[in-house]
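Values quoted throughout were computed directly from the atomic coordinates according to the rules given, and no laboratory measurement underlies them. Only a predicted model underlies this, so the values are computations on that prediction, with no experimental measurement involved. Here the Cβ is made from the backbone with ideal geometry for all residues, glycine too, and neighbour counts use every protein chain on show.
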Amino acid sequence: MWDTGWETQRLLKAMWAAPDFYFDMMSQVKMDSWSNGRVSLVGDAGYAASPLSGQGTSLALVGAYVLAAELKAAGGDHQAGFAAYESKLRYFVEQNQGLVSAADGPPAPEVLAAAATSLTLD
């Protein structure tokens, strides 16, 4: 086993010896659509960011703001509001979901800048 320092070896031994240790993979679901019928998803329910990105709360708040604005602008037509919400927010979400992946290190400054400026709120 490689030397990773700190308490790694002790923790690994305790993990294998524990009768109730649970570990699961972390994954990210990317949905083709965030709405169906009269229901639309916001935040982690529809477009969770990587926990390593620190963008979960921001995506949820911006998503709720955009959804509310688009539903108001649609004047009671929820289908039109949902479509506008997704159209306006999709690129912003994709940019933020792409900030961190398991194979990559920290995002480059230009990637961060692209994610930060990929949506303009009215």
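For the chain, the convex hull spanned by the alpha carbon atoms encloses 143 Å³ per residue.
Check cross-link reach from Lys30 to the aspartates and glutamates: straight Cα distance under 14 Å, and skip same-chain residues fewer than eight apart. Reachable aspartates and glutamates: Asp44, Glu86, Glu94.
If the segment from Gln9 to Arg90 were pulled out straight at 0.36 nm per residue, it would be longer than the present Cα-Cα gap by 24.9 nm.
Scanning the chain for trypsin sites (Lys or Arg not before Pro) lying in DSSP loops with no more than 14 further Cβ atoms inside 10 Å, the longest uninterrupted stretch between such sites is 39-122. Comparing mean-square fluctuations of Ala64, Ala80, Ala108 from a GNM of the chain with C-alpha springs under 10 Å, the top value falls on Ala108.
The convex hull defined by the C-alpha atoms of the stretch 14-86 has an orientation-averaged projected area of 6.7 nm². For a straight C-alpha distance cut-off of 15 angstrom, the aspartates and glutamates reachable from Lys88 (same-chain residues fewer than eight places away being disregarded) are Asp32, Glu70, Asp122. Projecting the Cα atoms of Val42, Phe21, Gln55 onto the charge dipole of the chain, computed from C-beta unit charges around the Cα centre, puts Val42 farthest toward the positive end. Modelled spin labels at Asp77 and Ala114, positioned 7 Å past Cα toward Cβ, are 3.4 nm from each other. Taking Asp32, Asp20, Asp77 in turn, the Gaussian network model of the chain (Cα-Cα springs below 10 Å) assigns the largest fluctuation to Asp20.
Each Lys and Arg contributes +1 and each Asp and Glu -1, all at the Cβ; summed about the Cα centre of the stretch 32-116, the dipole is approximately 240 debye.
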